[in-house]
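Here is the structure we will look at.
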Amino acid sequence: MQIIANYINGELVAPVNDKYIDNYEPATGQIYSKIPESDEKDLIAAVESAKLAKQSWAEMSAEERSILLIKLAEAIENASDELAKAEAIDNGKPIGFAKAVDCYRSAANLRFFANAATQFASESHGMGSVGVNYTLREPIGIVGCISPWNLPLYLFTWKIAPALATGNCVIAKPSEITPMTAFIFSRLCIEVGIPKGVINILHGTGASIGEPMITHPEIKAISFTGGSSTGKRIAGIAAPLLKKTSLELGGKNPTLVFADCDFDSTVSEVARAAFSNQGQICLCGSRIYIERSIYQNFKQAFIEKVSRLRIGDPLDKQTQHGALVSKPHMEKVLSYIELAKQEGGKILCGGNQLRLEGRCSEGYFVEPTVIENLPLECRTNQEEIFGPVCTLQPFDTDEEALALANGTEYGLATSVWSNNIKRCHNLARELDFGIVWLNCWLLRDLRTPFGGMKSSGVGREGGMEALRFFTEPKNVCVKY
Ligand code: NAD
């Protein structure tokens, strides 16, 4: 049984209290490793080491920091087979997806921000013959990064890369449900020679170590990705402490399909948008609205496509649809399918837990599920399910499609499928979402602002937004 360790002051260490929680393999339902249930004592040690590292890391040139972060990106690439396997075991996602998406992006995050920080410039504001202002953008100091389980190393590195690149020391907490790749990442930090204390990784639950990170006076900013209810709680704790926060939260994303779309490619991409990573991506399109004239044809083609997804052992390279991340999460998803039936929904395909043969017979597998006949107002269409469940609904006009899309408390991401360029741009302007994809989904450019409106979050990550978040601007005013 593998025992996971914290990473503090450049070393792998056991939690001070010697308490551990069980780590389950979702595909088998078996406990396969132990995770530290860290607490304030571990946090004190991590903060002390970050305090010692802070000045020299902040004073290091952007180029020198960049060289180290690129080494870390290369180390992730070199370890990508090991990391993909670890992610598949820990999370239940197909190993092919873990390699192509999770590992690829984790390295790309580090490389992108390593390069971006060397190009980061600040502003000046001339006052004619009177004087000039210039802005210094300095590291904040010690920052906290808290990430979720759905894209474990991908989102972990998405936060810590810009924090480190801009000269901050980081205390990071991966999800206690998927800690393994962050643990392997600790080893890679040691191997490439990241200075002691610059990154500290603490494992444990939100209650045991997450909240102490929010309240610790030396941690000046918090970058959080997770559920909207957790985000609201963190905002409530951090606000009176006047801490800077970036909150990337849940979604209930609509997909708008118009009759003039490219039919075949739209069917494929809308299915990918709904079911990638077993529907456990915050950006997945789970409410699919289809123009009435093509509703029946689209529905049939979509169900055929979804029914062909290969469900299986995440370690099998042919698998397209793996296990859900945990038993409680699987039960939550199944309870929403029951709720959908009670609300009058008609199950078009899927709808059940799946029992596989052999090694995976106790795994947390749920069939990709498509439901129709549900109104916008019902709970199935309003609440985030975060699993392989989507609903279909016809619409008649652009105005109706827009009202349906905007009709929940969330505003993370949406996609529009149409060859009418005027309609696409008009809708993009009217849709209340942080991300609008026109005839594509999850096409990412790391320079763009990333995040949601309404209950989907506060602040943006990505590119300049992240570099600005992790720096404190200081205006210097000079009179000639
Ligand atoms: P979660 O909110 O339960 O947990 C996220 C992280 O916060 C975990 O590391 C957890 O241990 C920690 N945490 C929990 N309670 C805490 C507390 N009180 N104080 C500090 N830390 C605490 O979310 P999850 O179930 O891990 O992830 C799924 C959610 O994340 C979904 O809602 C999904 O939409 C969202 N998500 C959003 C984005 C985005 O970019 N907007 C990306 C991925 C996932």
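The values are calculated or read from the model by the stated rules, or taken from the named source; none is laboratory data. Everything numeric here is computed off the predicted structure, so don't read it as measured data. Quick reminder, even Gly has a Cβ in these numbers, built from the backbone with ideal geometry, and neighbours come from all protein chains shown.
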Every residue in the stretch 125-169 that is touching a Lys or Arg at 6+ places or on another chain (Cβ under 8 Å), aromatic (F, W, Y) and within 27 Å of S56 (Cβ to Cβ), please.
W158
List the strands (runs of 3 or more DSSP E) inside the stretch 56-175, counting only whole elements, that have at least 3 residues being buried (at least 22 other Cβ atoms within 10 Å of the Cβ).
142-146, 169-173
Among (1) touching a Ser or Thr at 6+ places or on another chain (Cβ under 7 Å); (2) farther than 26 Å from H321 by Cβ, E400 falls short only on (1)
Go through (1) closer than 23 Å to I89 by Cα; (2) away from the ligand (no atom under 16 Å from the Cβ) for P152 and report which single condition fails.
(2)
Given the structure, is I8 touching a residue at least 40 places away in the same chain (Cβ under 8 Å) and of a type in the set (V, I, T)?
yes
Can you tell me which of (1) within 29 Å of E37 (Cβ to Cβ); (2) under 22 Å from the mean Cα position of the chain (by Cα) is the one E191 doesn't meet?
(2)
With the first residue restricted to the stretch 65-78 and required to be within 17 Å of A163 (Cβ to Cβ), and the second required to be part of a helix (DSSP H, G or I) and at pLDDT below 95, Cβ contacts under 9 Å at 6 or more apart or on different chains are R65/A117; S66/A117; L69/A117
Of the numbered conditions (1) over 16 Å from K252 (Cβ atoms); (2) in contact with a Ser or Thr (Cβ under 9 Å, 6 or more places away or on another chain); (3) within 12 Å of the ligand (Cβ to nearest atom), N439 satisfies every one except a single condition; which is it?
(3)
Any idea how many residues of the stretch 271-294 are in a helix (DSSP H, G or I) and under 23 Å from the mean Cα position of the chain (by Cα)?
9
How do the pairs read when you match residues in the stretch 443-458 that are farther than 15 Å from T225 by Cβ and polar (S, T, N, Q) with residues anywhere that are at pLDDT 95 or above and within 11 Å of the ligand (Cβ to nearest atom), using Cβ under 7 Å and keeping only pairs 6 or more apart or on different chains?
T448/G462
Quick one: which of Y104, Y24, Y20, Y32 is more than 24 Å from the chain's Cα centre (by Cα), within 28 Å of S276 (Cα to Cα) and not assigned by TED's automatic domain parsing to the domain that holds D313?
Y32
From the list T230, T225, T215, which one is β-branched (V, I, T) and in contact with a strand residue (DSSP E or B) (Cβ under 6 Å, 6 or more places away or on another chain)?
T225
Filter the stretch 200-254 for residues that are in a helix (DSSP H, G or I), more than 8 Å from the ligand (Cβ to nearest atom) and of a type in the set (D, E) and give the result.
none
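Quick check on S208: is it among the hydroxyl-bearing types (S, T, Y), at pLDDT 95 or above and closer than 17 Å to Y410 by Cα?
no
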Can you pull out the residues in the stretch 403-425 that are touching a Ser or Thr at 6+ places or on another chain (Cβ under 7 Å) and over 19 Å from G457 (Cα atoms)?
W417, C424
Among L241, L202, L256, L309, which is touching a residue at least 40 places away in the same chain (Cβ under 8 Å), touching a helix residue (DSSP H, G or I) at 6+ places or on another chain (Cβ under 8 Å) and within 30 Å of V13 (Cβ to Cβ)?
L202
